[in-house]
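Data block below; observations after.
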Amino acid sequence: MTAATTPLHYLSLADAAAALAARRISSAELTEAVIARAEAVEPRLRAFLSADPASARAQAQASDARRAAGGGLGPLDGIPIGLKDVIAVRDQPLTAGSRMLEKFVSPYDATVTGRLRDAGAVLYGRHNCDEFAMGSSTENSAFHPTGNPWALDRVPGGSSGGSAAALAAGEALATLGSDTGGSIRQPAALCGVVGLKPTYGRVSRYGLVAYASSLDQIGPFGRTVEDVALVLQAIAGHDERDSTSVGAPAEEFAAALAAPSVPRRLGLPREYFGEGLDPEVAAAVEQAVSHYRELGCEVREVSLPHTAYCLDTYYVLATAEASSNLARYDGIRYGHRCAEPRDLHDLYFRSRAEGFGAEVKRRIILGTYVLSSGYYDAYYLKAQKVRTLVRRDFLRAFAQVDALLTPTSPIPAFQRGEKADPLAMYLCDIYTIGANLAGLPAMSVPCGFTRAGLPVGFQLIGKPLGESELLAIGHAYDRVHQWGRRHPNL
Ligand code: GLN
């Protein structure tokens, strides 16, 4: 499909920006098309937790007015963009997929929200997610599951499943998610779109509901690598309100794509291609590797020897941090309060018992355990040390190669209800958590479909603050194949 025959709601962000700039379409028309699309598919897909069409229409009109008044508008001006419901938008609900925050309305904008507003984006839709971003299927949402647009009885991945599904279904032109162990990249792979987790500290988390603060990053979903670069450019950069935000100046990420850069050396970590990898996923990823070889890039096997410990390390550190971060939801300072408490203890106990779902409770209990006196050294401290070893593995590999290429998810989208065992669900993150533990930028790029028509993605992992190079490498594949421009039959 060419840009001229593509329905407005399925345009790439870059194509829509060009059409807006050329006055071929207005933001009001584009936004109306996205709202109409959402109204048509939401009863079946359920990617949204809330939406405010009136506000979106007003923002679109404001953008059109700015354009009519002349002046150079940026590429996001007038573009409908949706947010995972863990990112604060002033005067909008912010539930984190939890009963605990069911009635919470955010009094302020997250930094990324403010930056999207400054860029003129039309904020539309709060997307479903696993409760407090804990999960890989969006089934842990306290409200309802979300379908995969390519097969409605399958999961969209998680925890940012709503944001990936909404984009794949044409309910936004780009979306933002959060990624603590894979929550942007895995749903991107399962829904057939691009998803980027930036370097830890690259994007401010001010206004993000915290899950595991040493791992959490906000990042974009887009239909193409170029779209992801455009959104990253708007949201990245130092923020004094997030003490972990890096001082590195924001880069011209989209401009980096214009330079015809071919990666010189790509590494395939041998530990990422072993047992548990679905053969159809392996075949699609292998095709992407062949593409890079044909581009003249040197592909070599590398080793990340501590990979086998990543999952255990992650589930110690993430749960420890979650147990601390979620202590604030006590029914007094924040969140759901039980009816008629007998005393303070009863209030705490019942408010938290009623407000949190099973997976969140499991993690709070596990996290409290690994931090408790007597177990701290054996679990938490040990995990911190292993984390250092994992990071060293990556940095050593980057002495030999410019980026690593791996599958994003070992399997394509699975059936809802299929992974009832928590451990089976945790194994979905096996290839994505390394980049979080090491704080590295990583991106999932769609690379084909299984015979059953389910999307497959490959992952590129880059050097610290190497987003420009990572995007250029991803673009070298994506500009030719553009799998993210294919659309489900919904
Ligand atoms: N699936 C992982 C978890 O449940 C990662 C989630 C995330 O990245 N937010 O912790």
| message | Suppose the filter is small (Gly, Ala, Ser) and in contact with a strand residue (DSSP E or B) (Cβ under 7 Å, 6 or more places away or on another chain); does Ala172 pass it? | response | yes
| task | Residue by residue through the stretch 315-342, note down the ones that are open to solvent by less than 30 Å² (accessible area, probe 1.4 Å) and within 16 Å of the ligand (Cβ to nearest atom). | result | Tyr315, Val316, Leu317, Ala318, Thr319, Ala320, Glu321, Ala322, Ser323, Asn325, Leu326
| remark: Those residues of the stretch 107-118 which are surrounded by fewer than 20 Cβ atoms within 10 Å (Cβ to Cβ) and in a loop (DSSP other than H, G, I, E, B) amount to Pro107, Tyr108
| query | Looking at Asp64, Asp85, Asp52, which is the one that is open to solvent by less than 50 Å² (accessible area, probe 1.4 Å), of a type in the set (D, E, K, R) and under 30 Å from Glu131 (Cβ atoms)? | reply | Asp85
| field | All positions within the stretch 121-155 that are away from the ligand (no atom under 16 Å from the Cβ) and either within 17 Å of Ala88 (Cα to Cα) or in a helix (DSSP H, G or I) (or both) | value | Ala121, Val122, Leu123, Tyr124, Gly125, Arg126
| request: With the condition kept exactly as written, say whether any residue in the stretch 285-298 is open to solvent by 30 Å² or more (accessible area, probe 1.4 Å) and within 19 Å of Ile411 (Cβ to Cβ). | output: yes
| task | Give me the pairs, please: first residue somewhere in the stretch 341-360 and over 23 Å from Ala420 (Cα atoms), second residue anywhere and open to solvent by less than 80 Å² (accessible area, probe 1.4 Å) and assigned to a loop (DSSP other than H, G, I, E, B), beta-carbon distance under 6 Å, and either six or more positions apart or on two chains. | result | Leu347/Gly331; Leu347/Pro341; Tyr348/Asp330; Arg350/Cys338; Ser351/Gly331; Ser351/His336; Ser351/Cys338
| Do we find a residue being over 23 Å from Ser159 (Cβ atoms) and touching a residue at least 60 places away in the same chain (Cβ under 8 Å) anywhere in the stretch 80-99? | no
| Looking only at the stretch 219-271, and only at residues there that are of a type in the set (Asp, Glu) and open to solvent by 50 Å² or more (accessible area, probe 1.4 Å), the one that is farthest from Ile184 (Cα to Cα) | Glu240
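The values are calculated or read from the model by the stated rules, or taken from the named source; none is laboratory data. Every value quoted in this text rests on a predicted model; they were computed, and no experiment measured them. No Cβ is skipped: glycine too gets one built from the backbone with ideal geometry, and neighbour counts run over all protein chains shown. We work out accessible area using only protein heavy atoms, side chains counted, and drop any ligands, DNA or RNA first. Shrake-Rupley method; radii C 1.70, N 1.55, O 1.52, S 1.80 Å.
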